[in-house]
Amino acid sequence: MPKQKNLVGIILLMNKIRVGILIIGVTLNVVGSMWASDFHTSPTWLNALYYEPTGSGYKSLAESPDFFITPTGQLDPKGEYEASLDLVIKQDKGFKTKFPYRYKLLTTFHDIAYHPSVTLDEKIVKTVIAYPNRYMNNPASMFGHIFLVLETERGPLDSDILHYVAETNGDTGLPYMAKGLSGRYRGWFYRESYYKKIKYYNYVEDRDILYYDLKLTEDEQENLQLHHLELQNSYFYYYFLDKNCSFFIAKLLNAVMAEQVAIKWPYMMPSHVMNDLIASDSLDNERRRVASTKLFNAVFNTLNRHEKQQVMRLLTEEIDTAPTDPKVLKAFLLSSEYMINNHSPLAATVRQNRIKAYHALERQNDTAVRPTETPATRPTIIPSKVLEASYNGKDRYQLEYSPIYFSEYQHFDKLNIIDVKALSLGVATGPEAPTKYTLDLIELTNIKEYNVVLNSFSWTFKSSIAYQDEFLFNHEFMVGRAWNLFNKTLIYGLVGGTYANYDDMSDLHLSDSQVLETLEVGTLNQLSTTLKLNLKYSYKYRNDFIITELLYKPQKIIYGLSLTSKKDETLLGVSFRVLF
Amino acid sequence: MKHFIVLLLFCSTAFMAQTKLESTLSTELISFTLFNYDNLIADSYEDQSPYMTQLAYLLGRATQVPESQYLAILNRASFKTESSPINYMMALNAKTKELSGYYFVDE
């Protein structure tokens, strides 16, 4: 019996020694790889914790202490890494649950046993990236938005979206701009039901949306889910220009994907992210959902006066019997959800009439109304810059580069002009006058067709400064309306004012800074899908101008030919605009 | 014994008839129905019916009744012609209770 006891004791002692050696071995291995690897300065670690170089070290963009396990974690990637590794070695349940992605990264890098404590949503089968285009009624949305759809096997309606949103506390106008530019808003990565958000885009703002499948590996797909859980622990300051939704979605993707999205400075836009992903072949299966108000306009413009009145009746008064004309019924149905969501007093009436309209279409076996997604053959780059060379007919040559340029001219067959142009740098030179250097801070054009249903108004805003022997400035704002004639011609009229000390139409200095009234009346004519003819009369700087412009866009270049008549002179100008 | 089984069945049916779905499920059903009412109506007339399919799936998952039965209900004339989102949801609630014994909103 004592012999047996001794034997058991020896075996237990040997086991303890073996376990001890094992622990020492693992620790030495981990410590060894720690010192050898400098993992804390690797892009993997820095990206996962949103560290940015500061010159003397690093600082994480995550502002909440909950995002770190050490008190100095925001400024100390190494300390945070060492403390995290310690918890990973101990298989700490709290760490594994709160920071499942860091746990995965560290176990993978150090070859430590991986026993995750969080469950992934196995229903998520792919990630879709969505790009709602610009929305001119909100400065923050003029460059578009970007979000991810964590799509389940049942499709988008069963899915959630993940995006970065700023809490603006309902601010508008100048306070909103000031706080947005100076980083006074907090932003979060927010997950919500796809069907809720998409209703807002589809029927409240009614924006076109581009969708792409994001080519993630199974591992990256898992990383995204794990990392999203960690992001619930912090907020990040929102900056309108450079740390906005595009920036944070790019940072999120960089944290979970092998392919890296380039971070731009001093500003970041959704198109940067999309174009980078397209260039690296990370997107597939492009499709576009066209706003239903656009489809409504296209149908409504073809109706005669009586038919338009029928549509208006359907939108404003309860009817006993629906009209039978499918074009009238479809025009009404295409605008109905927009009206319900934007004009709530009409909602009950519109809903009653929708049912009658659908009944009438059902009797004619013609009930397909809602917009469907249009697939593209392959993802194409979203043009967001323009380079323009022009000659004004008076020995004056101009070269201008706009790093931010979004235009309906991307879709040349559209009549509405919705352009966003910012920070354009230009130089104009010639033998007759000194060289002029220009900076167009912003130029916004929102010439949108008006009709009795949608009641849109048009406006333009421009603010530019220049140097030509002295400092010059020109700020202009106009507002008015535009009407579409049979989807071929847009007629518009705008009135407003200019505050300037130079005349940018004639390239002349004014005697002093002046506030001047302005007027513009014009027509935009779609001659073919690649050819436009624009005619306009402008009253600016107390002068009359008549401008005829022919635009031809076979591919990415827009060729322009213009005739500008002023008093007793007429100038022939030419221009080339390259969109890229 | 026979009477006891009948009583038990009666009680269980009566109990089922008054079972409100747990909060997460009922909130999801209320939210989905009210948010998407206009598209649910459009679905019942147009060829594509993604909203109705998803609602039937949510109801089926919550009550263990086949989705096809809910789809059939949503395609009925009484639903296709209901012009109030609230009434649509309440009618669906009543039909769900009738079909499965579960409901998602208090009447």
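Values quoted throughout were computed directly from the atomic coordinates according to the rules given, and no laboratory measurement underlies them. Note that this is a predicted model, so its numbers are computed, not measured. Note that each Cβ is placed from the backbone with ideal geometry, even for glycine, and that neighbours are counted across all protein chains shown.
Loop-located chymotrypsin sites (Phe, Trp or Tyr not before Pro) in region A:432-510 (DSSP state not H, G, I, E or B) with no more than 10 neighbouring Cβ atoms inside 10 Å: A:Phe486.
Dipole magnitude of region A:301-373 about its Cα centre, charges +1 at Lys/Arg Cβ and -1 at Asp/Glu Cβ only, in debye to the nearest 20? Write down the numbers at each step before the final one.
On the way: 10 positive and 9 negative charges, 20 e Å.
Charge dipole, region A:301-373, about its Cα centre: 100 debye, nearest 20.
Hydropathy at least 0.5 by Kyte-Doolittle, axial extent at least 27 angstrom from the Cα trace: which helices of chain A, defined as entire DSSP H runs, fit? Mind showing how you got there, number by number?
Values: long enough: A:2-37 (51 Å, 1.00).
Helices meeting the criterion: A:2-37.
Cross-link partners of A:Lys126 among lysines, defined as those whose alpha carbon lies under 17 angstrom from its own and excluding same-chain residues fewer than eight positions apart: A:Lys215.
Listed by chain and number, the aspartates and glutamates whose alpha-carbon sits under 20 Å from that of A:Lys179, ignoring those within fewer than 8 places in the same chain, are A:Glu63, A:Glu167, A:Asp171, A:Asp242.
The magnitude of the dipole of the protein assembly as shown, with charges of +1 and -1 set on the Cβ of Lys/Arg and Asp/Glu and taken from the Cα centre, is near 1360 debye. Counting lysine pairs in region A:478-578 that sit 8 or more residues apart in sequence, or on different chains, and whose Cα atoms lie under 23 Å apart gives 12. Think of it as helices only: each DSSP H run of n ≥ 4 in chain A is worth -39500 (n - 2.57), and spread over all residues that comes to -9500 deg cm²/dmol at 222 nm. Looking at the square roots a ≥ b ≥ c of the eigenvalues of the Cα gyration tensor of the protein assembly as shown, which shape do they give, rounded for a/c under 1.5, prolate if a/b is larger than b/c, or oblate? Oblate is the answer for the protein assembly as shown, as a/c is 1.5 or above yet b/c matches or exceeds a/b. Taking a ≥ b ≥ c as the square roots of the Cα gyration tensor eigenvalues, with a/c under 1.5 meaning rounded and otherwise prolate when a/b beats b/c, else oblate, which class fits region A:266-409? The shape class here is prolate.
Principal semi-axes of the equivalent ellipsoid, √(5λ) from the alpha carbon gyration tensor of region A:124-289, are 24, 18, 16 Å from largest down.
Are there GluC sites (Glu not before Pro) in region A:317-372 that DSSP puts in a loop and that have at most 12 other Cβ atoms within 10 Å, and which ones? Don't skip to the end; give the middle numbers.
Numbers: sites: A:Glu317, A:Glu318, A:Glu337, A:Glu362; in loops: A:Glu317, A:Glu318.
When the GluC sites (Glu not before Pro) of region A:317-372 are filtered for loop state and at most 12 Cβ neighbours within 10 Å, A:Glu317 remain.
Ranked for footprinting exposure by Cβ neighbours inside 10 Å, fewest first, A:Thr349, B:Thr33 give A:Thr349, B:Thr33. Cross-link partners of B:Lys20 among lysines, defined as those whose alpha carbon lies under 18 angstrom from its own and excluding same-chain residues fewer than eight positions apart: B:Lys95, B:Lys97.
Placing unit charges on each Cβ (+1 for Lys and Arg, -1 for Asp and Glu) gives the protein assembly as shown a dipole about its Cα centre, and among A:Thr489, A:Asn275, A:Asn525 the Cα reaching farthest toward its positive end belongs to A:Asn275. Taking a ≥ b ≥ c as the square roots of the eigenvalues of the Cα gyration tensor, region A:65-107 is classed as prolate, since a/c reaches at least 1.5 and a/b is larger than b/c.
Sorting A:Ile546, A:Ile418 by the number of Cβ atoms found within 10 Å of their own Cβ, with the fewest placed first, yields A:Ile546, A:Ile418. All other residues whose Cβ lies under 15 angstrom from that of A:Asn285 are scored, Lys and Arg at +1 and Asp and Glu at -1, for a net of 0.
Placing +1 on the Cβ of every Lys and Arg and -1 on the Cβ of every Asp and Glu, with nothing else charged, gives region A:145-243 a dipole about its Cα centre of roughly 600 debye.
Work out the FRET efficiency for B:Leu99 and A:Ile381 from their Cβ-Cβ distance, taking R0 = 41 Å, and round it to the nearest 0.05.
Values: r = 52 Å, r/R0 = 1.26.
Given R0 = 41 Å and the Cβ-Cβ separation, E is 0.20.
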